[in-house]
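The values are calculated or read from the model by the stated rules, or taken from the named source; none is laboratory data. Note that the coordinates shown come from a computational prediction; the quantities given were computed from them, not determined experimentally. Quick reminder, even Gly has a Cβ in these numbers, built from the backbone with ideal geometry, and neighbours come from all protein chains shown. Calculation scope for accessible area: heavy atoms of the full protein, side chains included, ligands and nucleic acids excluded. Shrake-Rupley method; radii C 1.70, N 1.55, O 1.52, S 1.80 Å.
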Amino acid sequence: MTRPAASLAIRADGDSRIGLGHVMRCAALAHALLDAGHRVIWISRTPQSIPARLAARIDIRNMPPDTVEADSLVPALAALRVNGLIGDWQTTDPDLCRQLRQSGIWLALIGNHLGGAEADLLVHQGFGQTPADDTAGICSGSAHILLPPGYAGLPARTVKPQVKRLLISLGGSETTILDRVLGALAGMPRLANVDLDIRRAAPRTTALPECGLLDALSAADLGILAAGTTLHEAAATGLAAIALPIAANQNGRARQYQALGLGLSLDPAEPGFETRLQGILGDLLDAADRRQSFSAAGQACVDGEGAARVAARIDAMISRVPAQPDASLSTAIAGPPS
């Protein structure tokens, strides 16, 4: 007998203030859940940030900016009759998570800085595994990195002897570090014949490309990238890069990236950043063998199948969870899709 599909809610936002990583990794997981036959409802304060192709496949509910989340989310999920919630907040509220679980809602949390919040499944994002990987309620390590379907099964990259295109992307959030990077590069005559592909965060987020920077990463020969979701994408495409942690929560990922031989990292907060960036970049321009080593290590580490693996784990866990009973809720959230 075929098991009925589950109804799963996602709660995530993304814009130029908080970045786009939350949306991109949840979008990857949503596609995998849809492919497994489940229904996906996305509750968001920034519905315009959801990639267009995904938006056409799911039920989107707008959470107005003035809505108090702790007061509205539990009744919203009950009214929508979901089996479980996947939460990827910029700041996770442990009390809200406790309230969700006490109300009978199965909960998965995505992220590495959860403030001690507890859930039925924790989905960490990073290259290295956590010490508790043998715990049934944890997915971590490179095998569980959430990337869109386009990153799966990519061919091995052959690194060119000369760097012709340099991708500079510091994520979807606005940062002054980008101007510091560009200032450092302006002082490097050796880049005169290198095409600089510079990606700035848009002040107002519109529907995102389905596969993020896949085309740009594939076309580049070297990258200077923020140590967030883009670093995972770069590894899957085999692009050698210099990782810059632009926020405190990216420091650990940048260190992992270098320690595992996937690329190099440089902290913009350390003295002499611009000079050190010029030196490291200059060395990599001349080191095709080293770039090839980083490329091979990245693709061996990240195969792009993480979303399918996490979806399979959720599928197995959620099969035992009943849907929530009906409940009333204001039409601000439970009303017609926006």
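Of the peptides 213-225, 279-291, the ranking by mean beta-carbon count within 10 Å, highest at the top, reads 213-225, 279-291.
Helix 306-318 and the longest principal axis of the C-alpha atoms of the chain enclose an angle of approximately 20°.
Taking the C-alpha atoms only, the angle from helix 69-80 to the longest principal axis of the chain is near 60 degrees.
Neighbours of residue 42, meaning other residues whose beta-carbon lies under 14 angstrom from its beta-carbon, give a summed charge of +4 when Lys and Arg score +1 and Asp and Glu score -1. Label separation (residue 192 vs residue 160): 1.9 nm, computed from points 7 Å beyond Cα along the C-beta direction.
First measure r as the distance between the Cβ atoms of residue 251 and residue 179, then evaluate 1/(1 + (r/R0)^6) with R0 = 25 Å and state the FRET efficiency to the nearest 0.05. Result of the calculation: an efficiency of 0.75.
Ordering of 246-253, 12-19 by packing is 12-19, 246-253, highest average first (other Cβ atoms within 10 Å, averaged per residue).
Accessible area per residue for the stretch 1-118 is 39 Å², calculated with a 1.4 Å probe on protein heavy atoms, without ligands, DNA or RNA.
Summing Lys and Arg as +1 and Asp and Glu as -1 over all other residues whose Cβ lies under 12 Å from the Cβ of residue 18 gives a net charge of -2. Of the residues 83, 55, 256, the one whose Cα sits farthest toward the positive end of the charge dipole of the chain, with +1 on the Cβ of Lys and Arg and -1 on the Cβ of Asp and Glu, is 55. Carbon-plus-sulfur accessible fraction, the chain (probe radius 1.4 Å, protein heavy atoms only): 52%.
FRET efficiency for residue 309 and residue 259, Cβ-Cβ distance as r, R0 = 22 Å, nearest 0.05?
Step by step, r from the Cβ atoms, then E = 0.40.
Per residue, the stretch 248-309 exposes 47 Å² of solvent-accessible protein surface, assessed with a 1.4 angstrom probe and all protein chains in place. Taking Cβ atoms as reference points and 15 Å as the exclusive limit, the residues near residue 184 contribute a net charge of -2, counting Lys and Arg as +1 and Asp and Glu as -1. Here the chain is treated with +1 on each Lys and Arg Cβ and -1 on each Asp and Glu Cβ, and its dipole about the Cα centre works out to around 460 debye.
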